[in-house]
Each structure stands twice: as C-alpha cells, then as structure tokens.
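In what follows, a structure is listed as structure tokens, so that the remarks can point back to it.
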Amino acid sequence: MEKTYDSSQHRSRNKNLGLFELIAIALGGMVGGGIFSVLGVSVGLIGALTPIAIIVGGIIAGLAAYSYIKLGVYYKDEGATYSFYKKTFPKTPFAASLIGWYVIFGYISTLALYAYTFASYVLSASAYSELEWMRKIVAIGIIGLFTLINVWSVKGMGKVEDLMVYTKLILLFMISIMLAMNSTTPLPTLMQDVEQIHLFNVLIVASLTFVAYEGFQLVINAVNEMEQPEKNIPRAIYAAIALAIAIYVVISLGAILAIPVEDIVKNKEYALASGARDVLGNWASNLVIVGAVLATSSAISGTVFGASRQMSAIAHDGYFPAILAKRTRSIPANAIITMASTASLLIIIGGLELILEFGSITFLVVSLLMAYANIVIRDKTRSSLFVSMTALLSLLTGTVFILYYEFTHEPDEMFFILMLYAALAIGAYVYARVNRKHIQQQKEQE
C-alpha cells in the first residue's frame, strides 16, 4: 500500500499561533500590493464603479473560502489544496500532484513579485530608484530576511506578521480617508458616466479583483501550529476577507475621489503614493510607501510560511524531492529555503508580472476544484448544498470572465501561460515517473 502524507505527525506541541496571528497571516497574503495593480485596470474599465466590483470580488472570495474552510476543518491537513484533492479523490494521485505543482509555482511567482514590489517602494525616494540591478538585490535580500525569520521560529514569525499587518492596515486606511476628505471632485460627478458602463465589464473587473484576495487559504497551512482549528480556521479566514474588503474599498474610494483617472491607470501600484503627494504633501506619500513596504513584507512572510508547508506535504508523497519533506522543530526549513531560492532566481530572470498572471488564473481554477471537492463530500463536511453550488457557479463564472479578459486583452501572455501549464505538467509527470522507478529499484535491492 502506498504511503501518503499524514499532517498529524508534524503537529506542534506548542500552539504558537492564536487568532490574531492567523488573521495576520491571511491578511498578509492578501493585502500585499496586488490591489494597487488591479486598481489601475479596474478604474480604466469601470471608473467610479470600482468599489462595487471590489465588493463583488470579495463576496466571490468568501464563497470560495466556504469550501476551503469546510475541507480544512474536516481534514485538518496543512497540505491544504493538494491534500484536500488527494484525499477526496484518492484514485487520482497524479492529478493531485499536478495541482500541487501548479499551486506551489504560483506561490513562488507571487513571492518573487511581492519582493520586487517591496524593492521598488524602498528605493522609490532614493537615487537608486531606476537601477534594475539594485531592485533585484534588495528584493532578494528581503526574501532572505524572511526566510531566516521563518526558519528561526514559528512564534517569532507570528509576532512579526502581527506587527506588520496591523500597522499597514492603519496607515493605508488613514491615508485613504484623508484623500477622500480632500477630494476636489464629488462622487456624484464621478457617477455621471456610470450609465455608459456595461455590467459585463463590472463582472470582468470583479473576477480580476478576486485575485487580490489570494492568500486567505494560507491559514489552513498553519493547522498544526494553531489552537482550536475548528473555531479558528473559519474565524480567521472570514475576518481576514471582511477586513480586506473594507480596506480595498477605502483605498479605491480614496484614489478615485482624489487622483485623476488617467494617473491611476498610468501609475498603477504607485498611484496612491503619487496621488497622496499631490494632494497632501510628501509626508503622506512617505506614509503610503511605508504602508506598501509593510504590505509586501507581510505578504512575503505569510506566503513563505504557508506554501512551504504545502510543498513539504507534496514532497512527503514523492512528488517533490524527499529532502523537502524533512523538518526541524516541525519547521520545513529545506522547503522554505528552496522556495526562497527559486523566487530569487525568478527575480534575476525577470518577467514577473507575466508569471503572476499564471498564479492568478491558477488560484481561480483551484478554488473551483475545491468547491467541487466539497460538494462531493458535503455530507462529511456538513456543508450546505445551496452555498456550495453557489460557490461553484460563482467561481466558474469568474474563471470564464478572467479567461475571456486574458484572451481578448493579453493573447500573447495567455499563450505563454498555457505553455507554462504544459511545461509544469510534463515536469510533474516525468519527475513522478522517474521517482517511482527509483523507489521500486530501492525496494528490489532490499
């Protein structure tokens, strides 16, 4: 009988992560700079209706979270997406491993982009702001720092995450409110062109915005280090999504009311900082930069923490090198270091925004698969068929819309993403086959 990963063997005796740390991990993974990039596309398509699309995207994220929570509480497995699929459909182990490869690569690409965005903000007010090589050095350096923190201590990581996440929320919320209060264009004026905006575009933006909520599932990767997972998994995830919706709406309103639309579309993630400088002065711009630095830092830390545990689970089943499954004090140090090294390599190579689109599409598709898995075992997870089907249909609609947008607006990038999917599938298949032969040879020698 094939030996598979059992998450319970890595459960820590010391439950280092309480509810506030878990909320911080989820928020750290979500509010990591993605909203600023999405904001430019959103405002360009639907203008003042952007906050509405953000709320719709958040509702879809909440529906997606329903399935993750039900599966997470039922299985209590830090392997999360990979393990949920493997255990729900035990006769398709390779399909589960393929999902694992896609999700881990998506996390690694996201980690690289967060680090690069961090470097861009840190250097934005210096003489090195335009030097590409300096950005890459700073980006790799910040990944290295949070690699050390995550390898050092789970409790230490949790406390650092708390400080960064809750500070950044306060800063971004304050600046957005002040921008809204100093608006020169009232909201009714901005709403005059709303009738010309098609509902179709609003739904496209809602689907694109959904990727800004990527990260809530990192809470489940911490199941072995948390207290009372039955209570804290749903509390942490739903609270984090609600807080993310609130901060995203406030940020979008502040930007729309105080910053010209063409500047938001042009400057993307820098729009809030440049707009704050124009409206409130340099001090406000500096606060935005600090908030963005904290946002990307917490996203790096949370992603390293959660994704490394999923990578370790996959490695334990033989679909990644066995060395990645090894742990010290329940910490998968080798997986953490491998993720950090691969992300650093992506930073050196470049093309991060394109790779991030792969992660965004993967997140939607995988969330769709999790909704389906939850429906299949809804009696065991005690799930509502109505809510589960609503989640499935919402995610299916979102997936169709985001694919339509990519094929019509970025066909070359979409072709590259499809090729990347194919390359990873071939890599997963070849590795699984070679590793299976190696294991068989070892058994024959014994």
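All of the numbers you see were taken from the coordinates with simple rules; none came from a lab. Note that the structure is a prediction, hence the values are computed from the model and not measured. No Cβ is skipped: glycine too gets one built from the backbone with ideal geometry, and neighbour counts run over all protein chains shown.
So here's what we get for this one:
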quantity: Kyte-Doolittle mean at least -0.5, axial Cα span of 20 Å or more - DSSP H helices of the chain; calculated: 50-75, 93-122, 132-152, 154-181, 229-258, 282-316, 333-349, 352-376, 385-409, 411-445
quantity: Farthest toward positive dipole pole in segment 14-436 [+1 Lys/Arg, -1 Asp/Glu at C-beta], among Tyr372, Ile323, Ala242; calculated: Ile323
quantity: Over the chain, relative contact order from alpha-carbon pairs under 8 Å, at least 6 apart, %; calculated: 34 percent
quantity: Ranking of Ile233, Ile54 by count of other Cβ atoms within 10 Å, fewest first; calculated: Ile233, Ile54
quantity: GNM result for the chain, Cα springs below 10 Å: residue of Pro332, Pro234, Pro90 fluctuating most strongly; calculated: Pro90
quantity: Within a Gaussian network of the chain (alpha carbon springs, distance under 10 Å), most fluctuating of Tyr107, Tyr68, Tyr372; calculated: Tyr372
quantity: Local net charge near Phe146, Cβ-Cβ under 14 Å (Lys/Arg +1, Asp/Glu -1); calculated: 0
quantity: Along each principal axis, Cα extent of the chain, largest first, Å; calculated: 77, 49, 44
quantity: Farthest positive-ward along segment 90-174 dipole, Cα basis, beta-carbon charges - from Ala96, Ile140, Ala127; calculated: Ala96
quantity: Listed residues Pro93, Pro229, Pro51, most fluctuating in the chain (Gaussian network, C-alpha, under 10 Å); calculated: Pro93
quantity: Residues in segment 198-237 that a label on Arg382 would reach, taking backbone N under 16 Å of a point 7 Å out along Cα→Cβ; calculated: 228-235
quantity: Given charges at beta-carbon only (K, R positive; D, E negative), |dipole| of the chain in Debye; calculated: 1740 debye
